[in-house]
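A short write-up of the structure that comes next.
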Ligand SMILES: *Cc1c(COP(=O)(O)O)cnc(C)c1O
């Protein structure tokens, strides 16, 4: 792995991303929807092409060379993730189709562990995929879902969290970073307090993994989820980290090939980790590309990425706030490069549509987090989310674009 460079060479970086050369409606693409999905560098695209061109084969079962090469590459990718996230064991990294799949796997796994009277704690700023599976689990088991509230800046009210924790709390789940607001939540404090109360913790890392290095052993978290497509990898692949003890206790999520030790019509015994949770032919190429994406980010270096993105965010915040009537939702002291905003009297969708005509990709709506929008009593926001391949020039284009949109709509 190359030494992290001391600064970010933005010209070289942008050359890595072929899509950034596209034009949209005759204008250069300004891609500011990174919190929805990130773009893919040529280095990762090459890995995908190489897989299908040279060693596409099913893994684990084969004695032939291609199958062995594919197996080695897939398991190497798992080890890359283990090292990067500092998991104790490679088999604590389960390949899934993404964060949604990972959370559903855990929610299903806990079905047999819960009874009426048990409590689950969820934060007020979750993505729907970290709310709905738990509601389904509560319906099945009779457990109750309680909500850790947030304040107007978009920060969790930690006093209430500590008050809500009690001997009936079994599980706490929270995102590391909010996709709608950018808030970085105090997960260290959450994990420590939950453990002291005897509860397990699942952290949704879909929005943190692209922006910061995460040390799972230092966090001592029970479960952590990541989607590859938000860290410059492909869609349809992600990971669930689970502590070995939990993964051993939880039953398999799906039955099928690859996840068994022995099958007879009388009884089936399950395979060891990680195979127990990876039924069927997995997204082999996706897993390998996920590893390559993490390697790519590490070559740039997360310290460099964080510093650069913080600088972009500070600049964008200042420039956007110069627009009359513009309000930013999510002003936490600790946040990543996500800016959710509205302009007084204008529907976010209308701004988004006009920005697209100018080649600018932002997201509008609820960002799969309706409870946050209900809290602010708004229909949604315009969300600009920045990555290390964005530039200040692009932010200027955004700011001018919003100004023009506002003029046209007022
Ligand atoms: C994107 C996202 C998810 C869902 O991830 P998928 O890749 O769609 O499964 C969950 N939580 C957060 C915070 C997200 O940003």
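The values are calculated or read from the model by the stated rules, or taken from the named source; none is laboratory data. Keep in mind that what you see is a predicted model, and the values were worked out from it rather than measured. Here the Cβ is made from the backbone with ideal geometry for all residues, glycine too, and neighbour counts use every protein chain on show.
Evaluating residue 193 against the criteria (1) in contact with a strand residue (DSSP E or B) (Cβ under 8 Å, 6 or more places away or on another chain); (2) in contact (Cβ under 8 Å) with a residue 12 or more places away in the chain leaves one unmet condition, (1). Here is a check on your reading of the model: is residue 59 surrounded by 15 or more Cβ atoms within 10 Å (Cβ to Cβ) and outside any helix (DSSP H, G or I)? So residue 59 passes the test.
Here is a yes/no grid of residues against (1) surrounded by fewer than 17 Cβ atoms within 10 Å (Cβ to Cβ); (2) touching a residue at least 40 places away in the same chain (Cβ under 8 Å); (3) in the same structural domain as residue 181 (by TED's automatic domain parsing); (4) on the phi < 0 side of the Ramachandran plot:
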{"site": "24", "(1), (2), (3), (4)": "yes, yes, no, yes"}
{"site": "55", "(1), (2), (3), (4)": "no, no, yes, yes"}
{"site": "66", "(1), (2), (3), (4)": "yes, no, yes, yes"}
{"site": "71", "(1), (2), (3), (4)": "no, no, yes, yes"}
{"site": "74", "(1), (2), (3), (4)": "no, yes, yes, yes"}
{"site": "78", "(1), (2), (3), (4)": "no, yes, yes, yes"}
{"site": "85", "(1), (2), (3), (4)": "no, yes, yes, yes"}
{"site": "97", "(1), (2), (3), (4)": "no, yes, yes, yes"}
{"site": "117", "(1), (2), (3), (4)": "yes, yes, yes, no"}
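Of all the criteria given as (1) within 19 Å of the chain's Cα centre (by Cα); (2) without any contact (Cβ under 8 Å) to a residue 12 or more places away in the chain, the one not satisfied by residue 363 is (2). The condition of being assigned to a loop (DSSP other than H, G, I, E, B) and over 27 Å from the mean Cα position of the chain (by Cα) holds for residue 256. Residue count for region 160-217 under the criterion of being within 16 Å of the ligand (Cβ to nearest atom) and over 17 Å from residue 126 (Cα atoms): the result is 4. Of the residues in region 39-47, at least one is in contact with a helix residue (DSSP H, G or I) (Cβ under 6 Å, 6 or more places away or on another chain), within 16 Å of the ligand (Cβ to nearest atom), in contact (Cβ under 8 Å) with a residue 40 or more places away in the chain and not assigned by TED's automatic domain parsing to the domain that holds residue 364. Residue 75 fulfils the conditions (1) within 16 Å of the ligand (Cβ to nearest atom); (2) over 19 Å from residue 214 (Cα atoms) except for a single criterion, (1).
Scan region 260-274 and give yes if some residue there is in the same structural domain as residue 91 (by TED's automatic domain parsing), crowded, with 20+ Cβ neighbours inside 10 Å and at pLDDT 95 or above, otherwise no.
Taking region 260-274 and keeping what is in the same structural domain as residue 91 (by TED's automatic domain parsing), we get 260-274.
From the residues that got through so far, the ones that are crowded, with 20+ Cβ neighbours inside 10 Å too are 274.
This time we only want the ones that are at pLDDT 95 or above, so: 274.
Checking region 260-274: at least one residue is in the same structural domain as residue 91 (by TED's automatic domain parsing), crowded, with 20+ Cβ neighbours inside 10 Å and at pLDDT 95 or above.
One residue stands out among those in region 218-238 that are within 13 Å of the ligand (Cβ to nearest atom) and part of a helix (DSSP H, G or I): the one that is farthest from residue 187 (Cα to Cα), which is 229.
From the list 313, 358, the lone residue that is crowded, with 18+ Cβ neighbours inside 10 Å, in contact with a helix residue (DSSP H, G or I) (Cβ under 9 Å, 6 or more places away or on another chain), over 30 Å from residue 132 (Cα atoms) and touching a residue at least 60 places away in the same chain (Cβ under 8 Å) is 358.
Scan region 97-109 and tell me whether some residue there is at pLDDT 95 or above and away from the ligand (no atom under 16 Å from the Cβ).
To start, the set of residues in region 97-109 that are at pLDDT 95 or above comprises 97-109.
Of the ones still in play, those that are also away from the ligand (no atom under 16 Å from the Cβ) are 109.
Yes.
Determine if region 56-64 includes at least one residue that is within 16 Å of the ligand (Cβ to nearest atom) and closer than 18 Å to residue 275 by Cα. Looking through region 56-64, none of the residues is within 16 Å of the ligand (Cβ to nearest atom) and closer than 18 Å to residue 275 by Cα.
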